Structures are given as C-alpha cells and as structure tokens.
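Remarks on the structure that follows.
The values are calculated or read from the model by the stated rules, or taken from the named source; none is laboratory data. If you're wondering where the values come from, they're calculated on a predicted model, not measured in any experiment. Reconstructed Cβ throughout: ideal geometry from the backbone, glycine too, with neighbour counts over all protein chains shown. Side chains included, ligands, DNA and RNA excluded: accessible areas come from the protein's heavy atoms. Shrake-Rupley method; radii C 1.70, N 1.55, O 1.52, S 1.80 Å.
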Amino acid sequence: MHTDIEYGFPSEAIAYKFLNTVRHFDAEALRVRLGRNDHHVSIAYRPVTDGFDPTLSELDDLARELGGEEAR
C-alpha cells in the first residue's frame, strides 16, 4: 500500500524548500517531486503498517508552517 499526497504553495521557491526538506524524511519508498505545476509538490511513500505512522501528520505540519496546504 502506498500513500500519495500533493501540496500546493504560494510560490515556486516555497514549494522547492518543502520538496528539499521532505527528501530527507525517513519514510519507506519515499518519492518526492514537483506536482501538477511548480507550486505543487507530490509525495508518495509506503506507510508503516506496524503501529502509528506519523509521516502524514509531519508533512501536514511542515506544509502549514510554509503556508501550503493539501491540493485537491
């Protein structure tokens, strides 16, 4: 099972800052790339199946700190 999520940001620079920060997250099968345009970042990873996986929560918090939100 994989989790896919995309975040939108107010500028390209902030999107790249988020992208470069997330690349260092400790998540299994992590894939981080630009999303539908240069203001969006797409993330895919395999969540931990043994217990609680805080990755999505950490991504949401980081995006919010940078003025971004989940893209719909």
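Structure summary
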| read-out | value |
| --- | --- |
| First in the range 21-46 and loosely packed, with under 15 Cβ neighbours inside 10 Å, second anywhere and basic (Lys, Arg), Cβ under 6 Å, 6 or more apart | Glu28/Arg46; Ala29/Arg46 |
| In the range 48-59, the residues that are surrounded by 10 or more Cβ atoms within 10 Å (Cβ to Cβ) and either within 13 Å of the chain's Cα centre (by Cα) or of a type in the set (Val, Ile, Thr) (or both) | Val48, Pro54, Thr55, Leu56, Ser57, Glu58, Leu59 |
| Single residue of the range 1-11 satisfying the filter (modelled with pLDDT of 95 or more and open to solvent by less than 80 Å² (accessible area, probe 1.4 Å)) that is farthest from Ala71 (Cα to Cα) | Ser11 |
